[in-house]
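To start, the structure under review is shown below, and the notes come after it.
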Amino acid sequence: MRGALDRYGSVSYGVLRRARNIGLSFILMVPTIAAADQVTIAALGDSLTAGYGLPAQDGFVPQLQGWLDAQGADTVVINAGVSGDTTAGGVSRVAWTLTPDVDKMIVNLGGNDLLRGIDPAVSRANLDEILATAQAQDVDVLLVGLDAPGNYGPAYEAAFDAMYPELAVQYGTIYYPDFFAPLNDGTDLDIARATYLQRDGIHPSAEGVALIVGGIGPAVLELIAD
């Protein structure tokens, strides 16, 4: 993966670039969670989900678990993130990730497809298969998108960006458009990178994860309440 990261340079999954204040819009629409049985959520993803480069307690899943606990949501979030995984890796793991005790799933894949310049049509087909598997097992999904950079040209960027919302509509999933959107808080780009990203310029720091969780958290509450 190192070579791919080097090739990708400073684009950083499109982070700190064209974010659309998505986190704020979700915060203003936090749904109410009715009393119910405990909900088990599998977070299927790559290093962004796995918590690459961070102490265990600072990763995405532990911080999301803490955020949900603070909201009074009776949930257990399972870390099904594997560093380096592409959407193809997600296809290979989704069936055994969705054990009978899993009620909901967060799908956060595609970053490594970007790093490797994989054809968006291939990534889309893989995400389609993941969502179809979840639908067949009656598991509701929160599909998390990414904002593609312009490295591979406008056609690639448009195809990549379009696959997430279109698949969300096709499968009726809850959709969170950009994992990194909350990191663009209007501060100086270099300061934001130093604060919210690790030294590799790609993976979020603990502070960055906290912002990301605050942005995506309301969408997860919506998934639980769905």
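Points worth noting:
- Charge context of residue 46, other residues only, Cβ under 13 angstrom, K/R +1, D/E -1: 0
- Each part gets one Cα centre, and for the stretch 166-201 versus the stretch 35-54 those centres are 17 Å apart.
- Inter-probe distance in nm under a simple model that places probes 7 Å from Cα toward Cβ, at residue 158 and residue 135: 2.6 nm
- Within the accessible area of the stretch 96-226 (1.4 Å probe), percent carbon and sulfur: 53 percent
- Per residue accessible area in Å² of the stretch 59-205, where ligands, DNA and RNA are left out and the probe is 1.4 Å: 39 Å²
- Each Lys and Arg Cβ is given +1 and each Asp and Glu Cβ -1; about its Cα centre, the stretch 133-209 then shows a dipole of about 140 debye.
- Put a dot 7 Å past the Cα of residue 99, heading toward its Cβ, do the same for residue 190, and the two dots end up 4.9 nm apart.
- About the centre of its Cα atoms, the stretch 75-123 shows a dipole size close to 40 debye [charges on the beta carbon of Lys, Arg (+1) and Asp, Glu (-1) only; nearest 20 debye].
- Stokes-Einstein translational diffusion, the stretch 100-146 - Kirkwood Rh over all Cα pairs, 1.306 mPa s, 10 °C, in µm²/s: 138 µm²/s
The values are calculated or read from the model by the stated rules, or taken from the named source; none is laboratory data. Treat the numbers as computed from the prediction; the structure is a model and nothing was measured. Heads up, the Cβs are rebuilt from the backbone with ideal geometry, glycines too, and the neighbour counts pull from every protein chain shown. Quick note on the areas: whole protein, heavy atoms, side chains included, nothing else; ligands and nucleic acids left out. Shrake-Rupley method; radii C 1.70, N 1.55, O 1.52, S 1.80 Å.
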